[in-house]
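To keep things clear, I will list the structure first and then write my remarks on it.
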């Protein structure tokens, strides 16, 4: 939604403030503010809403302010507030709330350039002043693009992580069933390749190795708690072939099922 608005809009830079203290951000009508944290973290509290801890960015909207900015008493923080207007063909600019970025160095560079440009000697020809204003507008537009694009990427990653987490919970509850990679990928709503990459990124192992280890850990629990035969335990945790179970058990624990049972009886 925001990209469609930005496509038909021109952000017009108003001013930038560099702050190191608690305070408020109050946007007049038709003026918006982009808060970019340069170091530390701040807490932002819109009226009648829960405070938000901000470590990167936050979009303030004139309809929801004034925003109370609080710096932790025992910490130091620095943040920039960029005020701007929107010349839009698509109606009101609705961007508001927390923003994320993976390009903090780029954001910091553009903030520094905005500060430097506003502090420059404003004398010169009308054409030079127009060039200065255009440069600031380009930097503001670039910052908005980065925050919007990377916030969307972060949200997509978060959704993917939650989907992987749901399949992990499912595996922990249904480890005794026949679980396959295609089944888990479909459950997570992604391709097998994407699921495999994210699964390993989050767990450090493959889905097959994770399930195998999980089943052996469950088998060890049953060995400790019951006197069931090893073959029955193998079937209980999802192994239809006892010899396969025995081989995997030894690979994971360093002992065969019978050796493990013997060690328990010696305790």
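Just so you know, all these numbers are worked out from the coordinates, no wet-lab data involved. What you are looking at is a predicted structure, and each value in this text was computed from that prediction instead of being measured. For neighbour counting, all protein chains shown are included, and Cβ atoms are generated from backbone atoms with ideal geometry for every residue, glycine included.
I'd like the distance between the alpha-carbon centres of region 93-164 and region 9-52, rounded to an integer number of Å. The two parts, judged by their Cα centres, are 14 Å apart.
In what sequence do 242, 32 fall when counting other Cβ within 10 Å, fewest first?
Working: 242 17, 32 24.
Ordered from fewest to most neighbouring Cβ atoms within 10 Å, 242, 32 come out as 242, 32.
Each Cα pair of region 175-267 feeds into the Kirkwood radius, which the Stokes-Einstein equation turns, at 37 °C and 0.692 mPa s, into a diffusion coefficient of 230 µm²/s. Taking every DSSP helix (H) stretch of at least 4 residues in the chain, weighting each as -39,500 (n - 2.57) and dividing the sum by the residue count yields a mean residue ellipticity at 222 nm of -17000 deg cm²/dmol.
With R₀ set to 45 Å, the beta-carbon distance separating residue 235 from residue 159 gives a calculated FRET efficiency near 0.75. Does a label point 7 Å from the Cα of residue 252, set along Cα-to-beta-carbon, have any residues of region 133-172 with amide nitrogen under 14 Å, and which are they? Inside the label zone: 171-172. Here the calculated FRET efficiency for residue 118 and residue 55, from their Cβ-Cβ distance with R0 = 25 Å, stands at 0.50, rounded to the nearest 0.05.
Modelled this way, with points 7 Å down the Cα-to-C-beta line, the labels at residue 194 and residue 12 are 4.1 nm from one another. Averaging sequence separations of C-alpha pairs under 8 Å and six or more residues apart, then dividing by the length of the chain, give the relative contact order as a whole percent. Result for the chain is 15 percent. Among 42, 222, the order by Cβ neighbours within 10 angstrom, fewest to most, reads 222, 42. Once you've got the GNM for the chain with C-alpha springs shorter than 10 Å, pick whichever of 86, 183, 138 has the biggest mean-square fluctuation. Checking each option, the largest mean-square fluctuation is seen for 183.
Label positions at residue 263 and residue 29, each projected 7 Å from the Cα along the C-beta direction, are separated by 7.7 nm. When the Cα atoms of region 15-102 are aligned to their principal axes, the ranges along those axes come out at 45, 27, 23 Å in descending order. Neighbour counts of other Cβ atoms within 10 Å put 25, 105, 197 in the fewest-to-most order 105, 197, 25. A Förster distance of 30 Å, applied to the separation of the beta-carbon atoms of residue 132 and residue 20, puts the FRET efficiency at 0.70.
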